[in-house]
Amino acid sequence: MNLSDIRAALDSLGREPSKSLGQNFLHDQNVARAIVAEIDPRPGERIVEIGPGLGALTGFVLDSGASVTAIEKDGVLADFLRERYRGRDLEVIHADALDFDLRSLWPRQPVKILGNLPYNVSSQLIFHFTSALSPAQRCLFLVQREMGDRLRAAVGSADYGLPTVLLGRRWRMTERRRLRPSVFLPEPKVDSALIDFTRRVPDEVPSCDPELFEHIARAGFSQRRKQLRKMLEAELRGANWPKLALAIGISETARAEELSLTQWIALTKQLAPLGAAQDGTAEIFDVVDEADRVMGQAPRGEVHAERLRHRAVHIFIVNSIGEIFLQRRSAWKDQAPGCWGSSAAGHLDRGEDYPAAAIRELAEELGLRGIQPGSIEEMATLAPTATNGWEFVRLYRLRHDGPFHWPAAEVETGAFFPTALVAGWLATRPGDFSPGFQECWAAARGLGLA
Ligand code: SAM
């Protein structure tokens, strides 16, 4: 849409651009085309567009053959867009994008997010759509230049702050281009910047406890002129600050803005070291026969290498509205990294019985203490097969609404999902799930879960 098309469209709708909705419509066709080329939409992909407005970017995305989900808060514009692109592969959602349920996107991958964002809520929208629950591979956001500068600021600069650090842990942010105010109607007061978000790969930054990372970064930056040592007094709990500062390579008098991303991560790890990775030799399992009778014991590594029958539990937690809690394995795990799986699961230790293991896993993996054996219901028993790694699996159900706390070394994130969504997701993208979960889900079908 060029300038006169936009004016004509607004006239026909009897509308003026709304300031409170941050409506600055892009009218330069070349710029719109270049922005869409940057996100590189492809057939088979879903582009989620935040604030499509009159469709300046939407049309070019549809022309690429990708599917579009457009979320627009202005009902008049949402209707206009539906009409304009009737018959195309476009779903228009009339809603506040801040309320958009990211869980619904998992079965619809691959997903990329695009938006010429309303400036007044751009930061909240960026945090929402790049959160741990977002399946997006890539995001491309047009923001005010000042915000763009903050997102990709260098350590120690005046722009370097909380958003740089919090978003930078999982995303690499690059400026693709700057836009003059004259390409928009009405013209904003400042230039805009197109910021490309690509996911960091696990080797790029070390893993750490994300909650603690966010907590200390927020505390540190809450008064950026003050020394970190003072700002983090509560978190340090009497730790030897000079020694700690030396270990992460900062001065004792450092302020939040002087710590690089890797130093924030190193500080988090110093305050809460992640559990040592299991090397497969320390744990000892019971080895069982074809009737699940204990025959002897062997180390974990040997049990798996020799394909010896052993025992495991899976637990499905269901909340009061019937949703199932799934956990997503950390991207840093060597087996099934990034896969979604049961609410909790694990092997039985030597001499342990199934219910005791289920209760222990709930405590270890989700921080649920004091669960009584009577509150876990047995749902199914699975026989050992090559697919499940020669495990006798006992599947339990627990009714619980959370909240849960998981160890960052093991679990990336977790959330309750409607069971119908999980069923559809599994049908279209089974590879998103661990093989163990897939077997348990199949066993649970018909038992009121699937
Ligand atoms: N994409 C269009 C373009 O490039 O011309 C419009 C961009 S305009 C800067 C921002 C758009 O976001 C407007 O259409 C506005 O109505 C919409 N919007 C504002 N707040 C929103 C919110 N919270 N959720 C969804 N859309 C919103």
Give me the pairs, please: first residue somewhere in region 26-46 and in contact (Cβ under 8 Å) with a residue 12 or more places away in the chain, second residue anywhere and more than 13 Å from the ligand (Cβ to nearest atom) and open to solvent by 60 Å² or more (accessible area, probe 1.4 Å), beta-carbon distance under 6 Å, and either six or more positions apart or on two chains. E38/R176; R46/R108
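Out of the strands (runs of 3 or more DSSP E) lying entirely within region 10-96, which hold 3 or more residues that are surrounded by fewer than 20 Cβ atoms within 10 Å (Cβ to Cβ)?
So the answer is 90-94.
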Out of S104, S18, report the one residue that is within 8 Å of the ligand (Cβ to nearest atom) and polar (S, T, N, Q). S18
In region 364-393, residues that are of a type in the set (D, E, K, R) and more than 21 Å from V411 (Cβ to Cβ) total 2
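Scan region 222-239 residue by residue and report those that are more than 29 Å from the chain's Cα centre (by Cα) and either under 12 Å from E257 (Cβ atoms) or modelled with pLDDT of 90 or more (or both).
Matches in region 222-239: R225, K226, Q227, R229, K230.
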Provide a single number: the residues in region 117-131 that are open to solvent by 30 Å² or more (accessible area, probe 1.4 Å) and either within 23 Å of R33 (Cα to Cα) or away from the ligand (no atom under 16 Å from the Cβ) (or both). 1
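Residue-by-condition table, conditions (1) outside the structural domain of P52 (by TED's automatic domain parsing); (2) touching a residue at least 12 places away in the same chain (Cβ under 8 Å); (3) among the charged types (D, E, K, R):
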position: P181; (1), (2), (3): no, no, no
position: D191; (1), (2), (3): no, yes, yes
position: L228; (1), (2), (3): yes, yes, no
position: E235; (1), (2), (3): yes, yes, yes
Test for E211: is it assigned to a helix (DSSP H, G or I), open to solvent by less than 40 Å² (accessible area, probe 1.4 Å) and of a type outside the set (V, I, T): no
In the same structural domain as C139 (by TED's automatic domain parsing), within 19 Å of C139 (Cβ to Cβ), more than 8 Å from the ligand (Cβ to nearest atom) and over 23 Å from the mean Cα position of the chain (by Cα): is that true of V36 in this structure? yes
Subset of region 137-179 [open to solvent by 30 Å² or more (accessible area, probe 1.4 Å), in contact with a strand residue (DSSP E or B) (Cβ under 9 Å, 6 or more places away or on another chain) and in contact (Cβ under 8 Å) with a residue 60 or more places away in the chain]: Q137, R138, R176, R177
Which condition number does G322 fail, the rest of (1) crowded, with 19+ Cβ neighbours inside 10 Å; (2) within 26 Å of Q109 (Cβ to Cβ) being met? (1)
For region 259-273, the count of residues that are part of a helix (DSSP H, G or I) and touching a helix residue (DSSP H, G or I) at 6+ places or on another chain (Cβ under 8 Å) equals 9
Hey, among the residues in region 186-208 that are surrounded by 20 or more Cβ atoms within 10 Å (Cβ to Cβ) and either at pLDDT 95 or above or acidic (D, E) (or both), which one's farthest from the ligand (Cβ to nearest atom)? F197
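The values are calculated or read from the model by the stated rules, or taken from the named source; none is laboratory data. The structure displayed is predicted, hence computed values, not measured ones. Neighbour counts are summed over all protein chains in view; Cβ atoms, including those assigned to glycine, are modelled from backbone coordinates with ideal geometry. Ligands, DNA and RNA are stripped out before the accessible areas are found, and what is left, the full protein with its side chains, is counted by its heavy atoms. Shrake-Rupley method; radii C 1.70, N 1.55, O 1.52, S 1.80 Å.
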